[in-house]
Every structure is written in structure tokens, then in C-alpha cells.
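Okay, structure first, notes after.
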Amino acid sequence: MTETRSPRIGTLNWPNRISILRLLLVAPLVVALMNQHDWPAARHVALALFVIMGVSDALDGMLARKTGARTRLGAILDPLADKAMVICTVVLLSLPESAVPQARLPSYVVVAIVGKDLWVIAGFMVIYLVTDRFRVQPTLAGKLSTFAQIVMIALTLLAPDINRLSAGLGSILAMITAWAVVALAILAAASYTALGLRFIAREEKPLDDNNDSNGKKQ
């Protein structure tokens, strides 16, 4: 992890607008997932929204890199939109009332995904407290974990359609990717931990002896 300064803090450029759009699409995605049993087309609407959000995620990243429009606001909005999309979806797909028929996600998948994210957030907070700086630098394991989550969600939403083509295949594929998601979430948490510890060892600020001695006298 190395420190870099974003040139602007709150510029509402096109990449940031796309990230905001992704955040706004979380609401209709949640509504569609919660109404699968009452509205036959809801599952496919949820899948379409999920695909649109995934494509827009790639688009805003590409625009930010090509135009040099990376901002601190974007560094917050982009992962926030990603986490909102994934966490809301996996939580709803694990609940009996909103799960996809024959492809309900196990609760341990939700625990693994949310637990990994909370662990990483806590790590960033510790790094900032110790070094007064940090930079979000995705690891390979982190990228693979995110990719596996997207594939798992897509296969889960498609499971009934795949099952109609080959009995049980959709449910099996969804379960296999769920196991992969759990394994990669653990691996990603470990990789971010190792990266954070190396950054702290390199960037940790020494205690001010004067302040320390004054504090003891008080």
C-alpha cells in the first residue's frame, strides 16, 4: 500500500454519476428480489438489473482510468455501490421468503461475505489510526472473491432456468460457486491482512516522546 493523492475530492464526473446510478438501482433490485413469488417476471428483472449494475461497474472504472477522472468521492462511491449491490442480493437470496426456488443460498455464504468485508473495513481503520494514511489496493484474491460472488449470484438467479434444461444442474452449479465464494472470501481476508501488516510495518508513525512524557505526567 502506498499513499497517493486524488486531485479532487467531490467532483461529480461521469464515473461518479455512474456509481450513483448503481446505488440508486439497488432499491429496485431489492424490490424485484422480494417479489419473486408474487410476480413471475421478478427474478428475470432482478437478473437484468444485476447485469446492468455489473456492466456499469466496469464502465465507470474504465472511464475513470482513461480520462484520469479518479477522485476521492469515486474511491468511496464505487466500492460502496459494489458492496450494497452484493450484500443486499446475497442476504435476500438466503431468506426463505425471497430465495430463488431450488437455489436458496446457505447462510454461511452471507456470513463469509459480510464477515470478510467487515474485517477489511476494520483493518483499514486500524491502518489509518496507526499510520494516518491508507490506500485501497485490491489484491488478486480480493478480485477473484468479487468475481466469484458475481458469478454465484448470476447462477443462483438462473438456476430454475438451467434446471429446466437439465434437472438439478442449476442448483448444483449455484452450490459449487457458493463453496468457492466462501473459500475465496477467507483467502481474500488473509491476503488483505498480510498486505495491511506489511504497510503498517513500513509506514507506522513513531510516538512523539514529548507528548508521551507529558501524558504520563498528567
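The values are calculated or read from the model by the stated rules, or taken from the named source; none is laboratory data. This one's a predicted model, so the numbers in the text were calculated from it and none came from an experiment. Here Cβ is always computed from backbone atoms with ideal geometry, including for glycine, and neighbour counts include all displayed protein chains.
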Within the range 34-47, does at least one residue satisfy the condition of being within 16 Å of the chain's Cα centre (by Cα), farther than 19 Å from residue 185 by Cβ and either touching a residue at least 24 places away in the same chain (Cβ under 8 Å) or not in a helix (DSSP H, G or I) (or both)?
no
Picked from the range 138-153 (must be of a type outside the set (A, V, I, L, M) and more than 15 Å from residue 87 (Cβ to Cβ)), the residue modelled with the lowest pLDDT is 138
Could you please let me know if residue 97 is at pLDDT below 85, in a loop (DSSP other than H, G, I, E, B) and over 18 Å from residue 149 (Cβ atoms)?
no
If you go through the range 69-77 one residue at a time, do you hit one that is in a loop (DSSP other than H, G, I, E, B), of a type outside the set (A, V, I, L, M, F, W, C) and modelled with pLDDT under 95?
yes
